[in-house]
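These notes concern the structure reproduced below.
Read the figures in this text as sums done on the coordinates, not as results from a lab. Source: prediction; values computed, not measured.
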Amino acid sequence: MARTNAARKGQAAAADAAPGLKAQAGGAPDAAALDRIIHERVRLGIVSALAVNPSLTFNELKRLLDTSDGNLSVHARKLEEAGYIRCTKSFEGRTPRTEFTISAAGRKALERYLGHMEGVIRAVRRGE
């Protein structure tokens with residue numbers, strides 16, 4: 001009975017830490033509930049960088065994340081299709097300029113993701 005109550009408390013704590021996430025029996029957040037769109041390294045880097053900058057150009061993100069044009073393009077498109085970032089294309093003289101900003105949905109998804117990861121870290125530290 002004590003284990004059951006502890007498990008319920010752990011699940012409640014995980015749910016409080018990351019609203020909308022399922023908790024496993026031990027109270028740890030369910031890894032399968034991770035937002036797969038954000039969880040990939042380059043995409044997490046993109047949304048994280050945009051969360052702390054008003055906007056970044058394609059070249060700024062490419063340098064910051066140390067990735068190739070093709071890799072950044074594919075991952076940015078995936079985030080744009082999910083509605084997590086916005087892409088604006090323009091020209092500076094004859095040079096194309098692609099600029100990215102995070103959307104409200106992207107900021108909310110990042111906050112959920114970070115809350116989930118914090119719950120996972122707490123569970124691991126507790127040994128669950």
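Laid out as a table, the results:
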quantity	calculated
Using θ = phi - 60° and Karplus 6.51 cos²θ - 1.76 cosθ + 1.60, couplings along the stretch 103-117 (whole Hz; Gly, Pro as x)	8, 4, 5, x, 5, 5, 5, 5, 4, 4, 4, 4, x, 5, 5
Under 5 Å, built H, 5+ apart or other chain: amide partners of R97	S90, F91, E92
Amide H within-cut-off set for S103, under 5 Å, with H built and near neighbours excluded	I85, R86
Taking only Cα atoms of the stretch 36-126, radius of gyration then Dmax in Å	14.3, 57
